[in-house]
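Read the structure below first, then the notes.
The values are calculated or read from the model by the stated rules, or taken from the named source; none is laboratory data. Only a predicted model underlies this, so the values are computations on that prediction, with no experimental measurement involved. Cβ sites come from the backbone with ideal geometry, for glycine too, and all protein chains shown count toward neighbours. For accessibility, only protein heavy atoms count, side chains too; no ligands or nucleic acids. Shrake-Rupley method; radii C 1.70, N 1.55, O 1.52, S 1.80 Å.
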Amino acid sequence: MTTDPSGAAVGGAGVERPVRLAIVDDDPLVRAGLRILMGGSPEIEVVAEAGDGDQAIRVADAHWPDVMLMDVRMPRVDGLVATRRIRERANAPQVIVLTTFDADEYVLEALRGGASGFLLKDTPPLEILAAVRTVAAGKAILSPTAIRRLIDHVADPAAGTRRARARTRLDALTGRETEVAVLVGRGCSNAEIAAELGMGVATVKGHVSRLLTKLDLNNRVQIALLVHDAELLEREPPSENAPAGGGAGLP
């Protein structure tokens, strides 16, 4: 569950205050529509707006939103740069990227920069509200299946370099951790991973938490992206008896 700087819980069960939301879009009409939509929910409080990425960074510092709806294509500083800079901060808000089409090449970079997911601007209102609540509770809203569909539509000339870097990072994992990471990349839930690997759900949660810490990532979406970059999704997960530590079997 997400907390504000004072420690007050937000999102999910036991909500103590509404989710603090900032809306970032260079179109005033889009901002107005989102403000009306979000402001109508008692669970969400729109605390600030911004018309470009530079303003978004200042808003994040001044208003401490829990979640930011971030347009991608904006003047001066775009949503991609703003997302990365904001997510580098301590107690950073979660970011949901807004885009007009699902093959936008910038979306993947925003996810790698720490965004918790993306929404199309024509997403039904109730789904946007649900996404804000979900992200405020610390969960990602983009499934690995959707990530793979995006990647399939985007030509990436840096794929070879990214693959090598991803495999170097994953090589620090134990065999079991790599198994969990690959299954996260395949879109499996914690319960599905537990059933596949013959362990408890709580144990899986612990592995996922350690993956995030070891790999210095923000959420499961980034684990999935890293596994995809390493081109492990089409391979069988390593054996349970794979060597631990630096022995995850990455070529």
**Asked** Within the stretch 36-64, how many residues are among the aliphatic types (A, V, I, L, M) and in contact (Cβ under 8 Å) with a residue 40 or more places away in the chain?
**Response** 3
**Among the residues listed as Arg85, Arg76, the single one being open to solvent by 40 Å² or more (accessible area, probe 1.4 Å), modelled with pLDDT of 90 or more and more than 12 Å from the chain's Cα centre (by Cα)** = Arg85
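Mind listing whichever residues of the stretch 197-222 are in a helix (DSSP H, G or I), in contact (Cβ under 8 Å) with a residue 12 or more places away in the chain and either surrounded by fewer than 16 Cβ atoms within 10 Å (Cβ to Cβ) or not charged (D, E, K, R) (or both)?
Our first condition is that a residue be in a helix (DSSP H, G or I); within the stretch 197-222, this holds for 197, 201-215, 220-222.
Of the ones still in play, those that are also in contact (Cβ under 8 Å) with a residue 12 or more places away in the chain are 197, 204-205, 207-208, 210-211, 214-215, 220-222.
Leu197, Val204, Lys205, His207, Val208, Arg210, Leu211, Lys214, Leu215, Val221, Gln222 - these are the residues of the stretch 197-222 that are in a helix (DSSP H, G or I), in contact (Cβ under 8 Å) with a residue 12 or more places away in the chain and either surrounded by fewer than 16 Cβ atoms within 10 Å (Cβ to Cβ) or not charged (D, E, K, R) (or both).
Just to be sure, is Val15 in contact with a helix residue (DSSP H, G or I) (Cβ under 7 Å, 6 or more places away or on another chain) and either modelled with pLDDT of 95 or more or of a type in the set (Val, Ile, Thr) (or both)?
Details: in contact with a helix residue (DSSP H, G or I) (Cβ under 7 Å, 6 or more places away or on another chain): no; either modelled with pLDDT of 95 or more or of a type in the set (Val, Ile, Thr) (or both): yes.
No: the conditions fail for Val15.
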**Prompt:** With (1) among the hydrophobic types (A, V, I, L, M, F, W, C); (2) open to solvent by less than 60 Å² (accessible area, probe 1.4 Å); (3) modelled with pLDDT under 85 as the list, and Ala155 as the residue in question, which single condition is left unmet?
**Reply:** (2)
**Complete:** Counting only residues that are open to solvent by less than 10 Å² (accessible area, probe 1.4 Å) and closer than 17 Å to Arg31 by Cβ, the stretch 94-121 contains a total of 5
**Message:** Out of everything in the stretch 166-188 that is in a loop (DSSP other than H, G, I, E, B), open to solvent by less than 50 Å² (accessible area, probe 1.4 Å) and of a type outside the set (A, V, I, L, M, F, W, C), what residue ends up being farthest from Lys214 (Cα to Cα)?
**Reply:** Gly187
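Rundown of residues vs (1) among the small types (Gly, Ala, Ser); (2) assigned to a helix (DSSP H, G or I); (3) closer than 16 Å to Arg133 by Cβ; (4) in contact (Cβ under 8 Å) with a residue 24 or more places away in the chain, yes/no style:
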{"residue": "Leu34", "(1), (2), (3), (4)": "no, yes, yes, yes"}
{"residue": "Leu69", "(1), (2), (3), (4)": "no, no, yes, yes"}
{"residue": "Asn91", "(1), (2), (3), (4)": "no, no, no, yes"}
{"residue": "Ile96", "(1), (2), (3), (4)": "no, no, yes, yes"}
**Complete:** When the stretch 25-62 is checked residue by residue, the ones that are surrounded by fewer than 18 Cβ atoms within 10 Å (Cβ to Cβ) and either among the charged types (D, E, K, R) or under 21 Å from the mean Cα position of the chain (by Cα) (or both) are Asp27, Arg35, Glu43, Glu45, Asp54, Arg58, Asp61
**Message:** Just to be sure before I move on: is Val227 in contact with a Gly (Cβ under 8 Å, 6 or more places away or on another chain), open to solvent by less than 30 Å² (accessible area, probe 1.4 Å) and touching a residue at least 40 places away in the same chain (Cβ under 8 Å) in the structure I sent?
**Reply:** yes
